[in-house]
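All remarks here apply to the structure that follows.
Laboratory data are not the source of any read-out in this text; all were calculated from the coordinates shown. Just so we're clear, the structure is a prediction, and the values are computed from it rather than from any experiment. As a convention, Cβ positions derive from the backbone with ideal geometry for all residues, glycine included, and neighbour counts pool all protein chains shown.
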Amino acid sequence: MFSSTHKISVARKMLLHKKTRLAMSLSAMAFTVVIMLMEMGFFNGINDSQARLATYFNADLVMMDIRSIHLNKYATMARSRLMQAMGFEEVVEVVPVYKGLVGMKNPQTGLTKVIFVMAFPPDSNPLKLPNHESVRAALKKQGTVVFDASSRKIFGKVEPGQDIEIRDRTYRVGGLVELGPNFSIDGTILMSDATWLWGRWEQGSERVAYGLVRTRPGSDIPALKQRILDRLPKDILLLTPEEIRKREVLHTIKAVPLGAIFGVGMIIGFIIGVIICYQILYNEITDHMPQYATLRAMGFSDRFLRKTVVQEALWLSVLGFIPGLAFGYLLYGMIEKYTGILMFLTTGRIALIFCFTIVMCAIGGLIAVKRVTSADPASLY
Amino acid sequence: MTIPIARKNVFQNKKRAAAAVSGIAFSVLLVFMQLGFLQGARTAAAALFERFHYDLGIVSERYKFIGAPDRFDKMRLTQALIVPEVESWMSLNISNAWWKDPDTELSSELMVFGMTLDQRFIKDPAIRSGMDGIRKNNTVLVDTYSNPGYGDLSVGREVEVNEKTVTITGQFKLGVSLFSDGCVIVSNDNFFRLTGNDPREFNYGFLRIDQDADPQVVKEKLKRILPNDILVFTREEMIQQEQDYFISVKPVGVIFQTGVVVAFIVGVVILFQVLNTDISNRLNEFAILKAMGFKSWFIYGIGVQQALLYALMSYFPALGFAYIVFKVVHALSKMPMDLTPAMALLVFSMSLTMCVISCILGLQKVRRTDPAELY
């Protein structure tokens, strides 16, 4: 007699009875979803941004100095290590990437601020960039650099064709890329190795920051990595770009207590969600006491009433999640645009927050459920 | 007569009141946390510059922040003495280095601070008292807030800095986790030897001026006589610019400010919801009051008092709880987390604002109470 469709409609009808109040309740739920989304977003965003360079590396393995405990460490290695790696049959090419921190003069304010420079042979295409063809063409001209358009504003507005001053020398901006800043890097300039040498950076070309190892298709990368590491002096690291990314995330978490900072926020958001859900259901049950009492008088079991409340809780979680997600999505976009922090809203992350929302509402529902079974048919009269 | 009505309304259903209060309290707590982290980042960013007594600071015109200070010619400090108000100078130098714990052979990043050993400039008592210990070659003061990977930091222990053996002669507390794994303070002599930096160039110059001189005036004089390859800041500007770099350029600020705004909105929504429910449940009672001749403003007053009660009952437990959470976060992460009276006041006024907004939104219904509807 009490088919499942009936049960659902009881829960839904109870919720929808007072629409304005429901809308209000849902907006509260939605904001707790936003809190959780934001806290998770910043946590992941900072980690993703710190590790961003690793995802650009166009290589099977990346060689670094052993002291390069993170990507922004300025430890360099002897270029001869790259030559030694070339000695392995599977290795097709090892691209040297030089890096340095140099002062760039903001063309508008005239103030010089330190910027990150990467240099490499222009034909080597070391970074996976959507416009790598035009970057290559631009870098081939000596004295020409490519500027990261998403660099922080302290470097001023830089347009292609403009001249900029780096370390008291003038360079022509040949094009723009979108690499993005993070907590270590405020801006990036790319140049060819020839331009690098022409600029007489103190690092010269003997000390290399990254060696990008490219292998024959079908090579067994882990085995090759082990063989190179066994054979070469112990002053290098050899990692796949994905390993570097993961290592970078671990380092960031360790270096700054991000987990604690955003974890606390997330837990508080979750608790608020439980309380709001409880409150909504409690009010709803109080308002509908006569209805629940009638249901009981009609012979519906306590189990049915409990189920109804839990279903309401689940409805709340779904209905609160959707606007929360939409609002969170907008905020993510704004934050990424404004701060350069990568705010990826991946399916996995959405699913995680959705699970949290469901658990949150389920807990709120389970606390509220006690009240419904106190509905007393006798009190109706 | 009036207070008991609001109070009785709030407490009539204790469970509901508890849920409402805890909901609002948690959003207030979240506001506290976000402000605490923001404040913590601000403090950590400029912590070093608070450890010294000085009136003016000189840095290179290419100065960015403590992690990229660039260098200026040490001659500029001598030139600064031409201005009669300038009494004396000290220099502070910063370099990245490597720390090695000889027991574990573990290398960690390190920031070495080299400075002129001049009592007058040093505010931090631990650094002051440790100063005489680092006059000897290869001696360091170590920051006990450094990464645990640094190993045992007790006085007398020998460790390696840039592959040279140094002896720990004292300790201090700073915390540089935003920039490096840890730090040590050494004399300038040891600094240039350990780092190999050019001793003719400095990162920071701190100036003390005559007690009755105005730092702004002296700053302008210095800017006029010194070449424009340096920047001159007052102490406040120095600290301000360091914090601005982190809060606005990096930008740490927006992360926590977003958190504050969202937590505030949640608080408003919860309070509004509670008020709205309370009032709709009591429309009959309010109608009776009206019928008895009480004016609308009296009924509004009850609503406002209820909102105030909720806000106050939420604020104080949140304040206490925030105090504990701040302590815990500081103990776990060494992040400076201070619940300042200013912050407590700011959040208190935010709680009151929550109350006002939710009253404006939530009390609309009271107007509609109509005694005629009772029957």
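Straight-line cross-link partners of B:LYS295 among the aspartates and glutamates, defined as a Cα under 13 Å from its Cα and at least 8 positions apart when in the same chain: B:ASP370. Annotation note: GluC sites (Glu not before Pro) in segment B:79-148 located in DSSP loop regions with a Cβ neighbour count of at most 13 within 10 Å are B:GLU105. Residues A:CYS355, A:CYS361, B:CYS359, B:CYS183 in ascending order of nearby Cβ atoms (within 10 Å, fewest first): A:CYS355, B:CYS359, B:CYS183, A:CYS361. Loop-located trypsin sites (Lys or Arg not before Pro) across segment A:207-309 with a Cβ neighbour count of 16 or fewer within 10 Å are A:LYS234, with loop assigned by DSSP. Relative contact order of segment A:61-239, please, whole-number percent, based on alpha carbon pairs below 8 angstrom and at least 6 residues apart. Once divided by the residue count of segment A:61-239, the mean separation gives 35 percent. The trypsin sites (Lys or Arg not before Pro) of segment B:248-308 that DSSP puts in a loop, and whose beta carbon has at most 14 other beta carbons within 10 Å, are B:LYS295. For the segment B:244-257, counting C-beta atoms of other chains within 10 Å of every residue's C-beta and taking the mean gives 4. Measure out, as a whole number of angstrom, how far apart the alpha-carbon centroids of segment A:43-59 and segment B:293-326 sit. One Cα centre to the other: 46 Å. Per-residue mean of foreign Cβ neighbours for B:268-280 is 4 (Cβ atoms of other chains, 10 Å radius).
In percent, how large is the relative contact order of chain B, given Cα pairs closer than 8 Å and 6 or more residues apart?
Contact order relative to length: 28 percent.
Along the axis of the charge dipole computed for segment B:140-183 (Cβ charges of +1 for Lys and Arg, -1 for Asp and Glu, origin at the Cα centre), the listed residues B:SER146, B:GLY156, B:PHE172 are led at the positive end by B:PHE172.
Mean per-residue shielding of peptide B:24-31 is 5, counting Cβ atoms of other chains within 10 Å of each Cβ.
By the beta-carbon count within 10 Å of each Cβ, the least crowded to most crowded order of B:VAL356, A:VAL102, fewest first, is B:VAL356, A:VAL102. Computed over chain A, relative contact order equals 28 percent, with contacts defined as Cα pairs under 8 Å that lie 6+ residues apart.
Rounded, prolate or oblate: pick one for segment B:289-375, where a ≥ b ≥ c are the square roots of the eigenvalues of its C-alpha gyration tensor, a/c under 1.5 means rounded, and failing that, prolate if a/b is larger than b/c, else oblate. Judged from the Cα gyration tensor, segment B:289-375 comes out prolate (a/c at least 1.5, a/b above b/c).
Exposure proxy ranking for B:VAL232, B:VAL325, B:VAL266, based on other Cβ atoms within 10 angstrom of each Cβ and starting from the fewest, stands as B:VAL325, B:VAL232, B:VAL266. Each Lys and Arg Cβ is given +1 and each Asp and Glu Cβ -1; about its Cα centre, segment B:62-228 then shows a dipole of about 580 debye. For chain B, DSSP calls about 80 percent of its internal beta bridges antiparallel.
Relative to its residue count, the protein assembly as shown spans a Cα convex hull of 213 Å³ per residue. Placing +1 on the Cβ of every Lys and Arg and -1 on the Cβ of every Asp and Glu, with nothing else charged, gives segment A:142-210 a dipole about its Cα centre of roughly 100 debye. With a cut-off of 14 Å between beta carbons, the residues surrounding B:VAL155 carry a summed charge of -2, where Lys and Arg count +1 and Asp and Glu -1.
Note on chain B: with charges restricted to the Cβ of Lys and Arg (+1) and Asp and Glu (-1), its dipole about the Cα centre is near 1820 debye. Any idea which of A:PHE147, A:TYR56, A:ILE358 is furthest toward the positive side of the dipole for chain A, if Lys and Arg beta-carbons carry +1 and Asp and Glu beta-carbons -1? Positive-most Cα among the choices belongs to A:ILE358.
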